[in-house]
Amino acid sequence: MLPYRLIYSEQYDLNLGGHVFPSKKYKWLHDRLRWTRFAGEEDFLPPAPATDEDVLLVHNAEWVKKLRTGTLTYQDVLRLEIPYSRQMVEAFWLAAGGTILAARQALETRIGFNVGGGFHHAFPDHGEGFCAINDIAVAIRVLQRDGVIRRAMVVDCDVHHGNGTAAIFAGDQSVFTLSIQQFNNYPTEKPPSSLDIHLADDVGDAEYLQRLGNGYRAALTMFQPELLIYAAGADPYYQDQLGGLSLTFDGLMERDRLVIWTAAQQKIPLAIVLAGGYAESVEDTITIHANTAAVARDVLDSPQRIR
Ligand SMILES: [Zn+2]
C-alpha cells in the first residue's frame, strides 16, 4: 500500500466536453495510477462533498446561491469560462470536500493527495478561469474553524497567479500565500500574495528551481505553518497550451521534490492538489501529475535518499 491516501471520486469530472480544460484528467490519472500498479483500489479514499456551511466560510451567500440554483448571469458565466451545469457545481463541492479530506489526512499521515482541486482563481463573490469555488481556501477555513490548525501556508506552483487565494487571505496573518507564476499571463490583475515570485516568459528548470527554492525556504523559516497546501499545477510545462514557461518533466519533478521533501524534513503536514495542466498531449499532463504522486511516495518511503 502507498504511505498516503489518494483522495478521488469519479464525480470530479466537470463535464466540460471538448473544452481546453481536460476535466476527464482526474479519471485518466486515477486509471494511470491503477494500470501502472502504482496504486491499488485500496489506496483511494472517496471524499464527501463540502457542506454549504463549509463553502460559506470563504464565499458569500449570493455567489453560493447562484451556483446552487443555476442563476448565474451571462457576465458570471463569461468570467468563469466554463458552461454551467448541475454536474459542474456538484464536482466543485466534491473537490472542496476532497481538499478538506486531503488536509485532514496530511495531519494524520504527513501527506494527503487530492486527485483534483486547486481551483485558485475563485474569489469570495465570483468564479474565474475555470474555478467556481476555492477548495484550497475552504479547506484552510474548515480546519481553522474546527480548531485543528491555526496557521497555514499555500504554495501555488500553477503557471497562473493564484489571484483568488491571494485576495481571500489578504491581510490575514494566519495564512501565508506563496505564488510563483509567469508574469505575462492570465490573470491580468494579480492581487498580491504574501510572496509573489513573478517569472519572465520562457523561464526554464534552473532559474525556476532556484527562485522557488529561495522564496519557499525563506517563507517556511519565517512563517512556520502547521499545514501546507501545495498546488502542483502541471502547466509550467514547456508544451502547455496556456502556459509560457519552459519546464521539463525532470524540472517539474525536481520542483515536487523541493516542495515535498522540504516540508517533510520540517515535519509540516502537506496536502497536495492538482490545479491546472493543458499540455498539447493530455498524456503529458497525466504524466506530470503521476510524477508528483511518485515523488510524494518516495519522500515518505525513503526520505534520506532524496536530496
Ligand atoms: Zn493554471
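Which percent of the Cα-Cα distances in segment 102-179 go past 19 Å? Spell out each step's value before the answer.
Numbers: 1002 of 3003 pairs.
That fraction is 33 percent.
Just to be sure I understand: with springs between alpha-carbon atoms less than 10 Å apart, which residue in Ile149, Ile111, Ile180 has the highest mean-square fluctuation in the Gaussian network model of the chain?
Answer for the Gaussian network model of the chain: Ile149.
If you average the C-alpha positions of segment 14-47 and of segment 78-103 separately, how far apart do those two centres end up, in angstrom?
If you average the Cα positions of each part, the centres end up 15 Å apart.
Sort segment 6-302 into rounded, prolate or oblate with this rule: let a ≥ b ≥ c be the square roots of the eigenvalues of the Cα gyration tensor; rounded if a/c is under 1.5, and if a/c is not under 1.5, prolate when a/b is larger than b/c, oblate otherwise.
Judged from the Cα gyration tensor, segment 6-302 comes out rounded (a/c under 1.5).
Of the residues Leu94, Leu220, Leu247, which exhibits the maximal mean-square fluctuation in a Gaussian network model of the chain defined by a 10 Å Cα contact cut-off?
Highest fluctuation of the listed residues: Leu220.
Quick check: net charge around Val148, other residues with Cβ under 11 Å of its Cβ, Lys/Arg +1 and Asp/Glu -1?
Its environment carries a net charge of 0.
Is any residue of segment 109-132 close enough, with backbone N under 20 Å, to a label point placed 7 angstrom from the Cα of Arg86 along the Cα-Cβ axis, and if so, which?
Label zone hits: 132.
Take Phe183 and Lys24, extend 7 Å from each Cα along the Cα→Cβ direction, and tell me the distance between the two endpoints in nm.
So the two model labels end up 4.0 nm from each other.
Determine the gain in length on full extension of the stretch Glu280-Asp250; use 0.36 nm per residue of separation and subtract their C-alpha separation, reporting nm with one decimal.
Details: separation 30, 0.36 × 30 = 10.80 nm, distance 1.78 nm.
Length gained, Glu280 through Asp250: 9.0 nm.
Using the Cβ atoms and a cut-off under 13 Å, what net charge is assigned to the surroundings of Ser174, where Lys and Arg are +1 and Asp and Glu are -1?
Details: positive: Arg141, Arg145, Arg150, Arg151; negative: Asp172, Glu226.
Every neighbour counted, the sum reads +2.
Taking K and R as +1 and D and E as -1, what net charge do the other residues with C-beta under 13 Å from the C-beta of Ile7 add up to?
-2
With helices defined as uninterrupted DSSP H runs, which ones in the chain have an alpha carbon span along their own long axis of at least 30 Å and mean Kyte-Doolittle hydropathy of at least -1.0? Don't skip to the answer; put the middle values down first.
Working: long enough: 86-109 (34 Å, 0.40).
TM-like helix candidates: 86-109.
Can you sort Arg217, Arg5, Arg255 from fewest to most other Cβ atoms within 10 Å of each residue's own Cβ?
Fewest to most other Cβ atoms nearby, the residues stand as Arg217, Arg5, Arg255.
Given springs between every Cα pair under 10 Å in a Gaussian network model of the chain, which of Ala103, Ala263, Ala61 has the largest fluctuation?
Ala61
If you place +1 on the Cβ of every Lys and Arg and -1 on the Cβ of every Asp and Glu, how big does the dipole about the Cα centre of segment 151-307 come out, in debye to the nearest 20?
In total the dipole reaches around 760 debye.
Under unit Cβ charges (Lys, Arg +1; Asp, Glu -1), what dipole magnitude, rounded to 20 debye, does the chain have relative to its Cα centre?
Value, rounded to 20: 740 debye.
When you take every Cα atom in segment 29-155, what is the radius of gyration, and what is Dmax, the widest Cα pair distance, in Å?
For segment 29-155, the Cα-based Rg and Dmax read 15.3, 45 Å.
Given Cα pairs under 8 Å that are at least 6 residues apart, what percent is the relative contact order of the chain? Let's see the in-between values first.
Working: 662 pairs, mean separation 57.2, N = 307.
Relative contact order here is 19 percent.
Roughly what would the spin-label model give for Asn60 and His198, points 7 Å off Cα along C-beta, in nm?
Between Asn60 and His198, the simple spin-label model gives 2.8 nm.
If packing is taken as the mean number of other Cβ atoms within 10 Å per residue, what is the order of 115-123, 23-31, 158-166, highest first?
Top of the packing list down: 115-123, 158-166, 23-31.
Can you compute the helix-only [θ] at 222 nm over the chain? Use -39500 (n - 2.57) per DSSP H run of at least 4 residues, normalise by all residues, nearest 500 deg cm²/dmol.
That comes out to -13000 deg cm²/dmol.
For an R0 of 25 angstrom, estimate the FRET efficiency from the Cβ-Cβ distance between Asp172 and Asn214 and round to the nearest 0.05.
Details: r = 24 Å, r/R0 = 0.96.
Once the sixth-power term is evaluated, E becomes 0.55.
Coordinate-derived values only; no laboratory data. Keep in mind that what you see is a predicted model, and the values were worked out from it rather than measured. So basically every Cβ, Gly included, is an ideal-geometry build from the backbone, and we count neighbours across all protein chains shown.
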